[in-house]
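Bear in mind that the values in this text are calculations on the coordinates, not laboratory data. Small disclaimer: the values here were computed from a predicted structure and weren't measured. No Cβ is skipped: glycine too gets one built from the backbone with ideal geometry, and neighbour counts run over all protein chains shown.
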Amino acid sequence: MGASSQKLNAVFSPQIVEAIAIRQGLQFAKESGLVPSFLQSDVLLVIQLISFHSMPFSEVGLIVKGIIVLLGSAEFQGVSFVSRTCNGVAQSLAKLAFSLRPDCFSLEDCLICIENIKS
């Protein structure tokens, strides 16, 4: 299992933040030799753009283009929307990221910070 956390010193829309997180996560997985099978997010617009390979001429469109390129280089099985209420572990990890120092990367069998998080 791998995890990364990066702090951005800017204010972005939820769609852009989620797209950046997905792109960075895929890049981290690729550089670490991990092969993700599925992509899930609770931001429906981003999932729709990725699923339909739609890249509008906008900030989020440029980020989605990078995501699609990264997905094209992997044996990927699916992209799906998961409601926020069913995405408890991801929400807990996002809150935990606020307490971490910038640019934190980890590769472990099971991250210690995840052991007590319940979905």
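Could you sort the peptides 34-41, 60-67, 17-24 by per-residue average Cβ neighbour count (10 Å cutoff), highest mean leading?
Values: 34-41: 14.1, 60-67: 19.2, 17-24: 21.0.
Packing proxy ranking, top to bottom: 17-24, 60-67, 34-41.
Amide H to amide H, which residues 5 or more places from Leu39 or on other chains are under 5 Å from it, using H placed in the peptide plane?
Residues meeting the amide H criterion: Gly78, Val79, Ser80.
Applying 1/(1 + (r/R0)^6) with R0 = 22 Å to the Cβ-Cβ distance of Ser54 and Gln91, what FRET efficiency is obtained, to the nearest 0.05?
Numbers: r = 26 Å, r/R0 = 1.19.
With a Förster radius of 22 Å, E is 0.25.
Would you mind calculating the gained length between Gln27 and Ser99 on full extension (0.36 nm times residue separation, minus the Cα-Cα distance), in nm to one decimal? Don't skip to the end; give the middle numbers.
Working: separation 72, 0.36 × 72 = 25.92 nm, distance 2.28 nm.
This chain segment gains 23.6 nm when fully extended.
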